[in-house]
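The values are calculated or read from the model by the stated rules, or taken from the named source; none is laboratory data. No experiment lies behind these values; they were computed from the predicted model shown. Virtual Cβ from ideal backbone geometry, glycine too; neighbours counted across all protein chains shown.
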Amino acid sequence: MHIDRPMARLFFEIKRNSPFEKREDMKIAAPDVGERLVALYRESDNQALKKMIRTFMEHAGEDWVAQLSGTKKSKLLFYRVAQSR
């Protein structure tokens, strides 16, 4: 994931608003920063935090937004459908 300057600002705002126990694990340079934000999005009840994470993921790309909503389709399912045709 490529993180530009506006995304970095938003990341630190997300980190400030996230629960204290999650802050320590959130590092902008971590290779799994996207997965951590998706997990935080799914666990959180804070609507403001969810909105910030969604905005961050919209800048990151469609694949990341799809992971937030859980609509990402399995490649195995796609492969099986393609084989049956």
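Residues in region 20-48 that are among the polar types (S, T, N, Q) and either at pLDDT below 90 or exposed (fewer than 11 other Cβ atoms within 10 Å of the Cβ) (or both): Q47 only. Among residues of region 4-15 being of a type outside the set (A, V, I, L, M) and in contact with a helix residue (DSSP H, G or I) (Cβ under 8 Å, 6 or more places away or on another chain), the one that is farthest from E58 (Cα to Cα) is K15. Would you check if K27 is of a type in the set (K, R), part of a loop (DSSP other than H, G, I, E, B), at negative phi and touching a helix residue (DSSP H, G or I) at 6+ places or on another chain (Cβ under 8 Å)? So K27 passes the test. Inside region 1-12, residues that are surrounded by fewer than 15 Cβ atoms within 10 Å (Cβ to Cβ) and part of a helix (DSSP H, G or I) make up a count of 5.
Restricted to region 49-85, and to residues there that are closer than 25 Å to P6 by Cβ and of a type in the set (S, T, N, Q), the residue that is modelled with the highest pLDDT is T55.
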